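The values are calculated or read from the model by the stated rules, or taken from the named source; none is laboratory data. These numbers were taken from a predicted model, which means no experiment stands behind them. Backbone-built Cβ (ideal geometry, glycine too); neighbour counts: all protein chains shown.
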Amino acid sequence: MNTTRRTDRRIIRTKKAIRNAFAELLSEKNINQIAIKDIADKADINRKTFYNYYSGIHQIVDEIENEIVCTFEATLKDINVNEDMRNPYIIFSKLTTIINSDLDFYGYLVKTDSNSNLISKIIVSLKEKIKESILNQIETDEVKINLIADFIISGMLAVYQNWFNSNRSIAIEKISDDVSVLVFHGINGLLKL
């Protein structure tokens, strides 16, 4: 059993190294320019080890996309819009916990070109989950819900991209707190006007 646990940790560590290497490379160049050799070199593994876990780059993309969407979907599922609007930081503290769980990976991911297919797919999925979550709890029309989802996702992505590209002198928890106020109370709420 101890050997299995050690093996499992090695597998997790190797897959994490591959994912982080891929995300880092994606932050530097287009997905079509990334070779398996690039990922293996950056992850400090050989190509055979890569192929033990993935059949190719698109399998990594699918796994990352599914994992991120599932993680955020689980967080959104627990959101009670009517309740959490009174204390919106509850929502964003959960998002901060997700980001803190693998800060390097999410840092590389948000540094990627926002036009990349992976980021676009994740944004579309997250928008749909936000729309679904809000529509299940509040009656509003489709136009308004699309506007809300676009505003929230685009604004959050911009704020977190700026934070990851800065010297990070402000704690991510403070950023999340301010974003939560902006999302639910607007500029006046943040400036306390």
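Quick notes
- Residues (crowded, with 16+ Cβ neighbours inside 10 Å and either free of Cβ contacts under 8 Å to residues at least 40 places away in the same chain or within 18 Å of the chain's Cα centre (by Cα) (or both)) located in the range 179-191: 179, 180, 182, 183
- Checked against the criterion of being under 30 Å from residue 28 (Cβ atoms), modelled with pLDDT under 75, part of a helix (DSSP H, G or I) and not acidic (Asp, Glu), the candidates 98, 119, 134 yield just one match: 119.
- Any hit, the range 144-162, residues being of a type in the set (Lys, Arg), within 22 Å of residue 65 (Cβ to Cβ) and either modelled with pLDDT under 80 or part of a helix (DSSP H, G or I) (or both): no
- Of all residues in the range 28-54, those being over 12 Å from residue 18 (Cα atoms), touching a Ser or Thr at 6+ places or on another chain (Cβ under 9 Å) and outside any helix (DSSP H, G or I) number 1.
- Only one of the listed residues (95, 135) is touching a residue at least 12 places away in the same chain (Cβ under 8 Å) and not hydroxyl-bearing (Ser, Thr, Tyr). That residue is 95.
- Flag if residue 39 is modelled with pLDDT under 90, of a type outside the set (Ser, Thr, Tyr) and surrounded by 14 or more Cβ atoms within 10 Å (Cβ to Cβ): no
- Residue that is modelled with the highest pLDDT [pool: residues in the range 66-94 that are assigned to a loop (DSSP other than H, G, I, E, B) and either more than 16 Å from residue 152 (Cβ to Cβ) or acidic (Asp, Glu) (or both)]: 78
- Count of residues meeting criterion [surrounded by 15 or more Cβ atoms within 10 Å (Cβ to Cβ) and either modelled with pLDDT under 95 or not hydroxyl-bearing (Ser, Thr, Tyr) (or both)] in the range 54-65: 6
- Considering the range 162-178, and only residues there that are among the polar types (S, T, N, Q) and surrounded by fewer than 19 Cβ atoms within 10 Å (Cβ to Cβ), the residue that is nearest to residue 95 (Cα to Cα) turns out to be 162.
- Among the residues of the range 163-176, the ones that are in a loop (DSSP other than H, G, I, E, B), of a type outside the set (A, V, I, L, M) and modelled with pLDDT of 85 or more come to 4 in all.
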